[in-house]
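J.: I am attaching a structure below and will ask some questions about it afterwards.
What follows is calculated from the coordinates using simple rules that are stated; it is not laboratory data. Please read all numbers here as calculations on a predicted model, not as lab measurements. Virtual Cβ from ideal backbone geometry, glycine too; neighbours counted across all protein chains shown.
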């Protein structure tokens, strides 16, 4: 027993020593080449694997997504519209820039946990959590100044002359007040949660 | 007499035949005078004006018309897209017409603190208007009390 416990640090120590010792039998060139090639493979593989989790097909492979948010989304302007441009789940819910994308993907491990726990595995459970889930997304979009919206929509690129009376007024004010897309455009791609707690005057009941 | 009888029968058959034929051509169902094996032509879809100034009323107590598109606006127990601009709290921010006070009364004339259930589903009365040719001629004119003329 005592031998084993002494062996373990010895093994780690010897591994550390091997790693620290310069290579004797391999040339610097071959070490660099192997490192370079495996670097490309690992890096490319990592990004490819990450991109595989970054499309609509992957998102709706969970019934939680397919039966709730995706089903609702199919009835909205971002799914079907005059010009035939369609935004898929990651276009709005995953940042385009690499560093932000990796952070979001790490945060998604929490979603895997709740998939395992079955937190929203029925419509009723989903409806009960909808306000909290929606507020999470609203908060994130507010913090990033609606970054994902702006991949396609930009206030500076808008032709106010082509917009309706209501839109011109609201967008001009948004430019002045530095407000962000999600401040007004809530519930445009999925159903709104119960708004009693958000704006009681805009819904029935006291 | 015999010939007259035969002649009468022939005329009757011919007449009935012609009558049925003309009836067949006149059958005008909801899909129009189109044969069963042919597609009917649906009228062109009307376009609602995207956005405009409030539309003047045509008669007393007419529910004001909606001068903008309301496509995909949802009204259900969880949310009401109309009220997100037209409620008393929000109308100033969005420069919208505010919901009438009459909408806070229930059917027993009790004034509630929020919109009454019987006035909650806006599109039951308030509808957008497309510029469509009237299907039948109409000579209705609003009274001067409304037009101000």
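J.: Can you work out D for the protein assembly as shown in µm² s⁻¹ from Stokes-Einstein, where Rh is the Kirkwood radius over C-alpha pairs, the temperature is 10 °C and the viscosity is 1.306 mPa s?
T.: Working: Rh = 27.8 Å.
Approximately 57 µm²/s, per Stokes-Einstein.
J.: Just to compare against my own numbers: the Cα pair-distance distribution for segment B:49-130, 5 Å bins, whole % per bin, please.
T.: Percent of Cα pairs in each bin: 3, 13, 22, 27, 21, 10, 3, 0.
J.: Distance in nm between label sites at residue A:32 and residue B:8, each 7 Å beyond Cα in the beta-carbon direction?
T.: 12.1
J.: 222 nm [θ] for the protein assembly as shown, helices only, -39500 (n - 2.57) per DSSP H run of 4+, per residue, to 500?
T.: So the helix-based figure for the protein assembly as shown works out to -13000 deg cm²/dmol.
J.: Now, a different point. P(r) of segment A:156-198 in 10 Å steps, Cα pairs, percent per bin?
T.: Calculated P(r), rounded to whole percents: 23, 44, 28, 5.
J.: For chain B, find the longest principal axis of its Cα atoms and tell me its angle to the long axis of helix B:2-26, 0 to 90°, nearest 10.
T.: That helix lies at roughly 20 degrees to the long axis.
J.: Between the helical axis of A:165-177 and the dominant principal axis of chain A, each derived from Cα atoms, what acute angle in degrees is found, rounded to the nearest 10?
T.: 50
J.: Over segment A:55-169, what portion of Cα pair distances is larger than 26 Å, expressed as a whole percent?
T.: Counting every Cα pair in segment A:55-169, those more than 26 Å apart make up 28 percent.
J.: Next question. Restricted to Cα positions, what overall size does chain A have along the principal axes? Three whole-Å values, descending.
T.: On the principal axes, chain A reaches 76, 44, 32 Å in Cα extent.
J.: So, one more: Could you give the Stokes-Einstein D for chain B in µm² per second, using the C-alpha Kirkwood radius, 4 °C, 1.567 mPa s?
T.: 61
J.: Can you sort B:104, A:160 by how many other beta carbons sit within 10 Å, fewest first?
T.: On the way: B:104 16, A:160 13.
Going from sparsest to densest Cβ surroundings: A:160, B:104.
J.: Now, a different point. With each label point set 7 Å from Cα along the Cα-Cβ vector, what nm distance links residue A:162 and residue B:139?
T.: 4.7
J.: Ok, one more. For chain B, modelled as a Gaussian network with Cα springs under 10 Å, which listed residue fluctuates most, B:75, B:13, B:55?
T.: Comparing B:75, B:13, B:55 in a Gaussian network model of chain B, the most mobile one is B:13.
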